Amino acid sequence: MDLATIERKLDRDPDAARELIVEARDQARETLDELRALSRGFAPPILQDRGLAAGLESLATRSPVPVTVEMDLPPDAALPTAIERNAYFVAAELLTNAVKHADATGIRLRVSTRDTGATGHWLDVWVTDNGTGGAVSTPGHGLAGLTERVYGLRGTLVVDSPPGGPTMIGAHIPYTPLGASGIV
């Protein structure tokens, strides 16, 4: 509606049209921010229907840079839904970063679980690229956001990216298997 009003005012009152353009742009920005916040809570259907391995395979096949996927998830891993969803989004962000910033010709995505006994069960998500390296966590940017997401899950994000490459980034996320200690 604002755009139609702007269009009508453009010829007869350009100053008023400019003000409406600024308002429309601000409204569009706010709407986009709300949609981004809302979408963070949703999981893609393949993840919900077929699990983490299938979701990550799907991510890899859509990448413009070839991704080799190494899945070491036992059938009885029993990952909680929240852990699967967060691991998916971490992997998606890391793959996107490698494609956009690394100038890589190949990427490896490795996902595995560990039972360390004393410290419990861990899900490990590693993305390694053969790009230029030099990735750093800068406040307010991608890797810092991922660090916060993983930290919020009581995990850690490890960044190893020397100049010249390769870049290796690993998210280590603790989890309680479904059915353990009565947790579902």
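Here the chain exposes an accessible surface that is 54 percent carbon and sulfur, computed with a 1.4 Å probe and the other protein chains kept in place.
Taking all protein chains into account, the per residue accessible area for the chain stands at 60 Å² (1.4 Å probe).
Determine the percent antiparallel among the DSSP beta bridges restricted to the chain, to the nearest 5.
Numbers: 23 of 29 bridges.
Rounded to the nearest five, the antiparallel share is 80 percent.
Result for the chain in a Gaussian network model with C-alpha springs under 10 Å: among 49, 26, 72, the largest mean-square fluctuation is at 26. With 16 Å as the cut-off, how large is the P(r) tail for region 113-163, expressed as percent of Cα-Cα pairs? Summing the P(r) tail past 16 Å for region 113-163 gives 53 percent.
When Rg and Dmax are taken over the Cα atoms of the chain, they come to 21.1, 75 Å. Basic side chains Lys and Arg get +1 at the Cβ, acidic Asp and Glu get -1 at the Cβ, and with that the dipole of the chain about its Cα centre reaches some 220 debye. Derived from the Cα gyration tensor, the three semi-axes of the equivalent ellipsoid of region 73-164 are 25, 15, 12 Å, largest first.
Karplus-based coupling profile of region 121-131, in residue order and whole Hz: 9, 9, 9, 10, 10, 10, 10, 10, 10, 9, x, with θ = phi - 60° in 6.51 cos²θ - 1.76 cosθ + 1.60 and x standing for Gly or Pro.
The values are calculated or read from the model by the stated rules, or taken from the named source; none is laboratory data. What you see is a predicted model, and the numbers here were worked out from it, not measured in a lab. Note: ideal-geometry Cβ built from the backbone for every residue, glycine included; neighbour counts use all protein chains shown. Side chains are part of the model used for accessible areas, which takes the heavy atoms of the whole protein and leaves out ligands, DNA and RNA. Shrake-Rupley method; radii C 1.70, N 1.55, O 1.52, S 1.80 Å.
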